[in-house]
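Visitor: I have a structure here, written as structure tokens, and I will follow up with some questions on it.
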Amino acid sequence: MAQVEATTERVVAADAEKVFDALADYSGTRAKVLSEHFSEYEVREGGDGEGTLVHWKLQATSKRIRDCLLEVSEPTDGELVEKDRNSSMVTTWRVTPAGEGKSRVVVTAVWNGAGGIGGFFEKTFAPKGLSRIYDAVLDNLATEVEG
């Protein structure tokens, strides 16, 4: 099994603290910024950053739907880590200042891919698909916090 990684980033015209707070607000803002690829969103514990347990279904393709149950931690300032209890997927959100009134948001998802030919296709195509999904989320996030 090879590790598969997808990274997407965006500079947002809002300060890093505001952007991070929006991302960490699982009981409010986060649900609003998810794209149409996410469904059955539900906060099961917490709701604000560290200690949150959140569920959603992620429809990566027309046939591929992941049932995700994510434990949220904040290992360092400006960083949210979502570990999926149902798979090896770990998604890390990093928010850092990027100049006056701007911030850089980097989202990286890593997981253990399949072996064989299926693994080859997963490693080749899944990062591009997931990057498109997170690009849409970052678009929505920018709209939410820049206003």
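The values are calculated or read from the model by the stated rules, or taken from the named source; none is laboratory data. Note that the coordinates shown come from a computational prediction; the quantities given were computed from them, not determined experimentally. Positions of Cβ are generated from backbone atoms using ideal geometry, with glycine treated the same way; all protein chains shown enter the neighbour counts. What goes into the accessible areas is simple: the full protein's heavy atoms, side chains included, and nothing from ligands, DNA or RNA. Shrake-Rupley method; radii C 1.70, N 1.55, O 1.52, S 1.80 Å.
Visitor: Counting heavy atoms of the protein chains only and a 1.4 Å probe, report the per residue accessible area for the chain as a whole number of Å².
Guide: Per-residue value: 52 Å².
Visitor: For Gln59 and Ser27, calculate 0.36 nm times their separation in residues minus their Cα-Cα distance, and state this gained length in nm to one decimal.
Guide: Values: separation 32, 0.36 × 32 = 11.52 nm, distance 2.10 nm.
Stretched out fully, the Gln59 to Ser27 stretch lengthens by 9.4 nm.
Visitor: So, one more: Given the peptides 2-12, 135-145, arrange them by the average over their residues of other C-beta atoms within 10 Å, most packed first.
Guide: Details: 2-12: 16.1, 135-145: 18.0.
Ranked from most to least packed, the peptides come out as 135-145, 2-12.
Visitor: Can you send over the carbon and sulfur percentage of the accessible area for the chain, probe radius 1.4 Å, protein chains only?
Guide: 49 percent
Visitor: What does the charge count near Asp77 come to, summing +1 for each Lys or Arg and -1 for each Asp or Glu among other residues with Cβ under 15 Å from its Cβ? All intermediate terms of the calculation are to be shown ahead of the outcome.
Guide: Numbers: positive: Lys18, Arg94, Arg104; negative: Asp15, Glu17, Asp21, Glu50, Glu74, Glu79.
Every neighbour counted, the sum reads -3.
Visitor: Here's another thing I want to ask about it. Can you give the charge dipole size of the stretch 32-137 about its Cα centre, rounded to the nearest 20 debye, using +1 on the beta carbon of Lys and Arg and -1 on the beta carbon of Asp and Glu?
Guide: It comes to approximately 600 debye.
Visitor: Sequence neighbours fewer than 8 away in the same chain don't count; with that in mind, list the lysines whose C-alpha is under 18 Å from Lys32.
Guide: Lys18, Lys57
Visitor: Follow-up question, since we're still on this one. Given the -39500 (n - 2.57) contribution per DSSP H run of 4+ residues, what per-residue ellipticity at 222 nm results for the chain, rounded to the nearest 500 deg cm²/dmol?
Guide: Theoretical 222 nm ellipticity from helices: -10000 deg cm²/dmol.
Visitor: Nearest 10 degrees, 0 to 90: what angle lies between the long axis of helix 116-146 and the longest principal axis of the chain (Cα atoms)?
Guide: 20 degrees
Visitor: Same structure again: Given [x] 41; [y] 18; [z] 62 as candidate values of percent of Cα pairs over 27 Å apart, which corresponds to the one derived from the coordinates?
Guide: [y]
Visitor: If you don't mind, another one. To the nearest 20 debye, what charge dipole does the stretch 1-58 have about its Cα centre, counting +1 at the Cβ of each Lys and Arg and -1 at the Cβ of each Asp and Glu?
Guide: 200 debye
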